[in-house]
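Q: One structure is given below, represented as structure tokens, and several questions about it will come after.
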């Protein structure tokens with residue numbers, strides 16, 4: 001694709017590459033509060049986005065970014081506060097056309113319909129019709145081609161959208177938003193699935209569009225991108241606005257500190273003692289590689305050691321953990337579990353070698369909701385339930401009751417379907433199944449996601465107890481509380497290990513490494 005040409009925007013020309021702020025802000029959100037039951041997602045938060053700028057919104061998971069986007073795009077109303085566009089109150093939520101004229105969001109997960117052509121996606125439900133009420137496809141194709149040509153998007157409008165790459169889909173979505181008249185575009189993690197060259201092309205186009213009067217709200221976990229493309233940055237933390245500042249005036253260390261709430265101060269969490277150097281190795285990974293997902297990873301875990309894999313979306317940490325348990329097969333490298341080499345990509349081989357696993361999504365990967373607690377906790381150990389292919393209900397229930405007691409699962413009995421449990425107790429069932437085969441190595445991916453505080457504390461204490469009994473543990477997560485348990489943490493960024501942090505790290509060190517920021521630079 002070539003650079004964006006001057007399109008049909010009403011430009012507010014830039015001088016020397018800096019945006020010109022004239023007139024009222026493109027968008028304002030003031031005193032925004034949003035609650036979901038007892039959870040406060042936004043607490044009197046605010047943001048002001050000026051015309052022609054690229055404004056970054058950053059914050060850790062749970063900071064309130066997604067909730068703000070849903071309010072700025074009219075998907076839901078705030079409980080308190082006000083949203084304005086160009087100084088005027090936001091439209092009614094029911095007036096979707098008015099919202100599309102003011103703002104559009106290009107999400108990390110594409111909203112393009114792959115079965116339709118590019119032209120059909122661009123003008124869905126807005127097709128030109130002839131005097132017989134039939135769609136005039138020649139007119140639709142012409143309008144679509146003119147729109148893409150105006151913004152130098154080099155895509156065949158008759159091509160099925162499912163054949164487009166990530167980069168092309170993004171620009172088709174941006175062009176579609178501009179066709180409604182919106183000149184304020186929210187980009188939600190737009191670089192998460194792009195390689196370096198595609199990111200560079202995206203930024204070139206954003207700069208060209210900014211010069212033509214298009215305003216961006218740019219949401220990204222990668223802080224170096226903020227410094228490359230954005231004029232202003234707003235930080236949210238714990239549902240509140242923390243600061244807004246020109247990017248050029250904010251050192252990276254201060255930005256990380258604002259996101260974490262921790263300056264370069266005292267460590268507040270207990271430091272896990274080191275594992276003896278002579279402790280047996282239960283996981284030995286050498287030069288493990290899977291294309292661009294992760295590359296040349298070396299990892300050694302000893303008995304009783306907890307090792308973290310940290311990183312943001314697209315870092316490769318989750319895929320690496322899934323490779324260890326046999327859900328993925330690497331393209332190169334070797335892996336040994338307790339001296340054995342399980343067949344790459346084989347879950348049964350990994351289980352036989354002594355691997356237990358807690359997946360990242362208990363709903364889709366961890367549980368069979370209509371099956372009982374007993375069935376869910378014992379499905380990986382049929383050999384313990386009987387012989388010659390027969391399952392003893394008495395043995396199954398006995399093992400399940402043992403696991404229910406061990407994990408403090410609140411249930412009237414092992415026959416209850418897991419769908420009848422709370423989220424925290426469901427996660428305990430997943431943990432129970434992982435422990436049913438007395439693993440030598442336990443691999444957990446975001447093990448405390450979506451559970452209440454008490455269940456979170458219990459699960460993390462259980463992991464420490466398991467490690468204390470000699471099991472090696474790998475925790476893949478971007479949640480700092482999960483990673484505090486670890487003796488050390490390997491941080492991945494774009495598929496490569498960029499840091500190996502010993503226990504006792506500061507929050508700002510960890511977040512900076514995950515974001516790809518060098519605080520010493």
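Q: Could you list 428, 109 in order of exposure, starting from the residue whose Cβ has the fewest other Cβ atoms within 10 Å?
A: 109, 428
Q: Which percentage, to the nearest 5, of the DSSP beta bridges contained in the chain is antiparallel?
A: Percent antiparallel among DSSP bridges in the chain is about 55.
Q: Compute the helix-to-body angle for 453-468: its Cα long axis versus the longest principal axis of the chain, expressed 0 to 90° and rounded to tens.
A: So the helix axis and the longest Cα principal axis differ by about 50 degrees.
Q: With everything on Cα atoms, drop me the angle between helix 196-211 and the longest principal axis of the chain, reported from 0 to 90° to the nearest 10.
A: For helix 196-211, the angle is close to 30 degrees.
Q: So for 410, 143, 317, fewest C-beta neighbours within 10 Å to most, what's the order?
A: Neighbour counts put them in this order, fewest first: 410, 143, 317.
Q: In percent, how large is the relative contact order of the chain, given Cα pairs closer than 8 Å and 6 or more residues apart?
A: Once divided by the residue count of the chain, the mean separation gives 15 percent.
Q: Label segment 435-501 by shape, choosing from rounded, prolate and oblate, from the square roots a ≥ b ≥ c of the eigenvalues of the Cα gyration tensor; if a/c is under 1.5 it is rounded, and otherwise prolate applies when a/b is larger than b/c, oblate when it is not.
A: oblate
Q: Pick the calculated Kirkwood radius over Cα pairs in Å for this structure from [x] 23.9; [y] 25.5; [z] 26.6?
A: Matching the structure shown: [y].
Q: For n ≥ 4 DSSP H runs only, could you compute -39500 (n - 2.57) per run for the chain, divide by its residues and tell me the 222 nm figure to the nearest 500?
A: -9000 deg cm²/dmol
Q: R0 = 45 Å: FRET efficiency of residue 159 with residue 416, Cβ-based, nearest 0.05?
A: 0.30
Q: On a 0 to 90° scale, report how tilted helix 166-179 is relative to the longest principal axis of the chain, with both axes built from alpha carbons and the result rounded to the nearest 10.
A: Once rounded, the angle reads 40 degrees.
Q: Another one. From the Cα trace of segment 371-436, what convex hull volume per residue do you get, rounded to a whole Å³?
A: 68 Å³
Q: Averaged over every viewing direction, what's the projected area of the C-alpha convex hull for segment 58-185? Give it in nm², one decimal, please.
A: 9.9 nm²
Q: If we count other beta carbons within 10 Å of each Cβ, what is the order of 46, 364, 241, fewest first?
A: 364, 46, 241
A short reminder: the numbers here are calculations on the coordinates, not readings from a lab. Keep in mind that this is a model prediction, so the values were computed, not measured. Positions of Cβ are generated from backbone atoms using ideal geometry, with glycine treated the same way; all protein chains shown enter the neighbour counts.
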